[in-house]
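Note sheet for the following structure.
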Amino acid sequence: MSARVDPSMIRFGVAGVANTCIGLAIIYAAKWFLGVGDVEANVTGYSAGVLLSFAFNKRWTFGHLGGTLPAFFRFLAVLGIAYLLNLLTVIGALGLGIESYVAQALGVIPYAVFSYLGCKQLVFLAASTRGGSPTWSR
């Protein structure tokens with residue numbers, strides 16, 4: 001028996017790496033070229049990352065053709081819960097005496113898993129039940 005990996009899982013990972021790199025580049029550019037503070041740069045970069053993540057995942061990862069605004073609000077809710085799971089994991093790991101850099105890395109796991117499942121099952125549900133492979137041209 002061979003295990004089949006859902007292609008949307010791979011696309012979700014690629015989209016996540018891409019929007020993380022772009023968001024981080026925006027944070028660095030805002031600090032370096034615009035001289036803004038850490039908080040402002042972070043909010044700017046993360047906001048761009050969230051928007052890019054939504055766009056990538058809506059069309060490329062899941063091929064969602066449904067309404068954009070309702071999907072976006074569901075997306076924000078999923079990300080909010082994913083962030084809380086991340087934070088609880090980090091705090092719990094720190095409470096167990098796990099080194100802080102390792103604790104931060106552990107927090108990525110529930111964030112990524114919940115984000116993927118939430119996007120697939122709640123945010124972009126219509127596309128995931130439609131079948132076929134998503135493309136930019138749909």
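What are the residues in the stretch 27-55 that are hydrophobic (A, V, I, L, M, F, W, C), over 27 Å from Pro70 (Cα atoms) and in a helix (DSSP H, G or I), if any?
Here is the first cut: in the stretch 27-55, the residues hydrophobic (A, V, I, L, M, F, W, C) are 27, 29-30, 32-34, 36, 39, 41, 43, 48, 50-52, 54-55.
Retained after the next criterion (residues that are over 27 Å from Pro70 (Cα atoms)): 27, 29-30, 32-34, 36, 39, 41.
Correct list: Ile27, Ala29, Ala30, Trp32, Phe33, Leu34, Val39, Ala41.
Can you go through Leu51, Leu76, Leu84 and tell me which one is surrounded by fewer than 16 Cβ atoms within 10 Å (Cβ to Cβ), at pLDDT 95 or above, in the same structural domain as Val5 (by TED's automatic domain parsing) and not β-branched (Val, Ile, Thr)?
Step by step, each of Leu51, Leu76, Leu84 is checked, and only Leu51 is surrounded by fewer than 16 Cβ atoms within 10 Å (Cβ to Cβ), at pLDDT 95 or above, in the same structural domain as Val5 (by TED's automatic domain parsing) and not β-branched (Val, Ile, Thr).
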Has the stretch 5-26 got any residue that is modelled with pLDDT under 95, part of a helix (DSSP H, G or I), among the aromatic types (Phe, Trp, Tyr) and not assigned by TED's automatic domain parsing to the domain that holds Ile109? no
Pick from the stretch 93-106 the residues that are touching a Leu at 6+ places or on another chain (Cβ under 7 Å) and modelled with pLDDT under 95: which of them is surrounded by the fewest Cβ atoms within 10 Å (Cβ to Cβ)? Ser100
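The values are calculated or read from the model by the stated rules, or taken from the named source; none is laboratory data. All values derive from a computational prediction rather than experimental measurement. Glycine also receives a Cβ, built like all others from the backbone with ideal geometry; neighbour counts cover every protein chain displayed.
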